[in-house]
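K.L.:
Could you have a look at this structure, given as C-alpha cells, before my questions?
The values are calculated or read from the model by the stated rules, or taken from the named source; none is laboratory data. Small disclaimer: the values here were computed from a predicted structure and weren't measured. With ideal geometry, Cβ positions are generated from the backbone for all residues, glycine too; neighbour counts draw on all protein chains shown. When the accessible area is computed, the model is the full protein with side chains, heavy atoms only, and any ligands, DNA or RNA have been set aside. Shrake-Rupley method; radii C 1.70, N 1.55, O 1.52, S 1.80 Å.
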Amino acid sequence: MQDPTDFDSPLSEPRQSIPPSATSTSGSSSAPSVGGVTDQAKEFAGQAADKASSFVDQVKDKAVGAVEGQKAGIADQIEDFASSVRKSSEQFIGQQDWIASAIERGAAELSTLASSLRENDVNALFGQVRTFARQQPVVFIGASFAAGFALARFGKIVAADVSRDDRPTLPKVGHGQG
C-alpha cells in the first residue's frame, strides 16, 4: 500500500512546475504580474484624479474671474437701487414714519451689500454666505425661496416683452411624410 502523503503516485495528478518568472514581481518577465497591473491601475487612477482636479480648478478660476470682472457693475446697480429705495421712503415721511424708517433700513442694507461687493473678493463673499447659511438656515432658505420667485417673476416680465418672432423656435419635424 502506498503512503497517502506521496503525491507522486499514479493516482494523483502529475505535478506541474511553475516557472519562477510567473510568480516574480520584479518586472523582468515578459508577462505582467498581478502586482504590476495593480500598480499601473493605481498610477492611471492617480493621473486621472490629478487631471480632473486640475480641470475643476481651471473652471473655478474662470468662474471666479468672470464674477470678479462683473462685481463692480453689480455693486453699482445695487447702489442705484438703494438710492431709488431711499427716494421712495420720502413719500412716507410725516405720514407713516415707521414705514419710512423700515424702507430706509432696507436701503442701508442694500448699500452695505454694495460696499461688501466692492471691497471683498468672491471667495470671501461665498464664505460669508456659507457662514450665514449655517448660522441662520431658516432665513437663508426663505431668502433663497423669495429670490427664486423674484427671478421667475422677472423672467416672465422679460419674456412678455419679447415678440413671437424674436423667440427661439424648434425645427419642424415631418412625421409620416414620405
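K.L.:
Starting from the Cα of Lys71, draw a straight line to each of the lysines and keep only those under 23 Å, dropping any in the same chain fewer than 8 residues away.
P.N.:
Lys60, Lys62
K.L.:
For the range 44-155, how big is the tail of P(r) above 25 Å, as a whole percent of Cα pairs?
P.N.:
Numbers: 2656 of 6216 pairs.
In whole percent, the long-distance tail amounts to 43.
K.L.:
Is there a quick way to get the dipole size of the range 72-144? I mean about its Cα centre, with the Cβ of Lys and Arg at +1 and of Asp and Glu at -1; what is the value in debye to the nearest 20? If you can, show how the numbers build up before the last one.
P.N.:
Numbers: 6 positive and 9 negative charges, 59 e Å.
For this selection, approximately 280 debye.
K.L.:
Please give, to one decimal in nm, the separation of the simple spin-label points placed at Ile74 and Ala48, each 7 Å out from Cα toward the Cβ.
P.N.:
With each label placed 7 Å out from Cα toward Cβ, I get 3.5 nm.
K.L.:
How do 100-113, 141-154 rank on mean C-beta neighbours within 10 Å, highest first? List each step's numbers first, then the result.
P.N.:
Values: 100-113: 15.5, 141-154: 10.4.
The peptides rank, most packed first, as 100-113, 141-154.
K.L.:
Right, next: Accessible area per residue of the range 39-139 at 1.4 Å probe, in Å²?
P.N.:
Working: 7540 Å² over 101 residues.
That works out to 75 Å² for each residue.
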